[in-house]
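All of the numbers you see were taken from the coordinates with simple rules; none came from a lab. This one's a predicted model, so the numbers in the text were calculated from it and none came from an experiment. Because the Cβ atoms are built from the backbone with ideal geometry, glycine has one as well, and the counts that use them run over all protein chains shown.
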Amino acid sequence: MPALKLATSVLVLATAATAAAARDQVRVVGSSTVFPYTQAAAENFSNATGMAAPVVESTGTGGGMKIFCEGVGEGFADITGASRAMKKSEYELCARNGVTDITEVLIGYDGLSIAVSRDTTFTWALTEAQIFQALAAEVPVNGAWVANPNMKWSDIDAALPDTAILAYGPPPTSGTRDAFVELTMHDGCKVLPEYQAIKADKEAAGKMLEEHCSRMRQDGPFVEAGENDNLIVQRLEADPKAVGIFGYSFLYENNDKLMGIAIDGVEPSPETIADFSYGVARPIYFYVKNAHRGVIAGLNEFIAEYVSDGSLGDGGYQQERGLTVLAADKLAEVQAAATGAVAMTAPEK
C-alpha cells in the first residue's frame, strides 16, 4: 500500500476511535423481541458496575441492521438485537460501510406467539393453514389465486368464531414478521393442494412461496402495529375479539392479561419452544461491532454481563423473562465467542 494511502487509512481509523471514545454509554438498537432481554442486561450491568446503563432502542430487526451497518465511530450503534440471523445483504451493507468485524451472539430461543385477551369468550386453537387463510393477501379459490375473501374466522371454518378477523402484528422491518412469514405463513401455505401439486418442482414451489405465500393482507384484518409490542398487548386488552402476534417474552410477561393460542395442537411454553414441538420457535441473537471494543466505555463489560450464566444460564434473569435458554455446553461456546470477539463468517443467504 502506498505510504500516503496507508497514512490516510490510519488517520481515518484513529479519528473514528477518538470520536467513539467521547461517548460514555453503549448504544444498542434492534429487535423488539430482543429488547426486553437487552434492557434487563443493561440494568444489571449498570447496577453491578456503577457505569452508565446502555441506551437501548427498539427499532425492529431490519431497522436495527440498517443503523448498525451505517459505519464505525461515535455516531454509530455498537450492538443490534435480532429476532432472526443477519442476512447476506445486511452483512454486505456493513462491509461497504467499513463494518467488517462482527461477532454473532446466539442468545437463546423464542416462540412466535399468537395471543388473545383472557376476557375472550371463545376457546381458541388454530392451525397454520387456518392462520394462512385468515391473514394472507391471496388465497386459492377454485384453483385460482385471488384477493383474500375471508372476513370472518367462520368463513375459514364454521367451528371458529363468527367474528371479524382482526390480528395485530409486526411491520415488514421486524424480524418477527420475517419469522412469522417463514415459520407460519409458508407452512400454512404448503399444506394447500395447490402447493402439494407442484412441490416436487423446487423452482415452481419456490416461486409460489414468494409470489403468493409471503404477503400479508392489507385490506383491514391484519393491522401492522409498529415495533412496540406493548401496544399490541394494550389493544388485545381493549378488544377480546382481536388476536396479536409477538415474541413469547411479551406473552410471558403479560400472562395475567393474555393467553397463548395453541397452534396445530401445541401451546407455546418454555418446554415446547425448547424442544421445537411448538412449530413457531426460532433462535434470537445480538451482533457486536468489534471495532468499538476497547473504545466505547463499558462495551466489553456489558457484553460479558449479557452472556453471563446469571443472565443467559438456566435459572438466570433472562429465563425469568421468558427466554428459552441454551444448553450449558452451547452457552459456553456462545460465551467464549462473545467475550473473545470471534468474527462471524458471511451468511450464505
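Listed values for segment 238-243 are Karplus-derived 3J(HN,Hα) couplings in whole Hz (6.51 cos²θ - 1.76 cosθ + 1.60, θ = phi - 60°), namely 7, 9, x, 8, 8, 10, and x replaces Gly and Pro. Across segment 69-76, coupling constants 3J(HN,Hα) worked out from phi with the 6.51/-1.76/1.60 Karplus curve, θ = phi - 60°, read 8, 5, x, 10, x, 4, x, 10 Hz, and Gly and Pro carry x.
For the chain, lysine pairs with C-alpha atoms less than 14 angstrom apart, excluding pairs fewer than eight positions apart on the same chain, total 11.
Stick to the Cα atoms of the chain, pair each with every other, and give me the Kirkwood hydrodynamic radius in Å at one decimal. Result for the chain stands at 21.5 Å. Helix 328-339 and the longest principal axis of the Cα set of the chain meet at an angle near 50°. Principal axis extents of the C-alpha atoms in segment 70-184 (largest first, rounded to whole Å): 57, 38, 22. With all projection directions averaged, the alpha carbon convex hull of segment 111-281 covers 9.7 nm².
With a sphere of radius 13 Å drawn around the Cβ of Gly73, what net charge do the other residues whose Cβ falls strictly inside it have (Lys, Arg +1; Asp, Glu -1)? That sum, taken over residues with Cβ under 13 Å, equals 0.
Neighbour counting of Cβ atoms within 10 Å sorts the residues Asp329, Asp239, Asp219, fewest neighbours leading, into Asp329, Asp219, Asp239. DSSP beta bridges confined to segment 111-281 are antiparallel in about 70 percent of cases.
Normalised by 2.2 N^0.38 Å, where N is the number of residues, the alpha-carbon radius of gyration of segment 274-327 equals 1.39. Residue by residue, segment 190-195 carries 3J(HN,Hα) couplings of 5, 7, 5, x, 4, 6 Hz when phi is fed to the Karplus relation 6.51 cos²θ - 1.76 cosθ + 1.60 (θ = phi - 60°); x denotes Gly or Pro. Residues whose amide H falls under 5 Å from that of Trp145, counting only those 5 or more places apart or on a different chain, are absent, with hydrogens built in the peptide plane. Among beta bridges identified by DSSP and lying wholly in the chain, the antiparallel ones come to about 70 percent. Within 12 Å, Cβ to Cβ, of Gly63, how many net charges do the neighbouring residues add up to if Lys/Arg are +1 and Asp/Glu are -1? Charge balance in the 12 Å sphere: -2.
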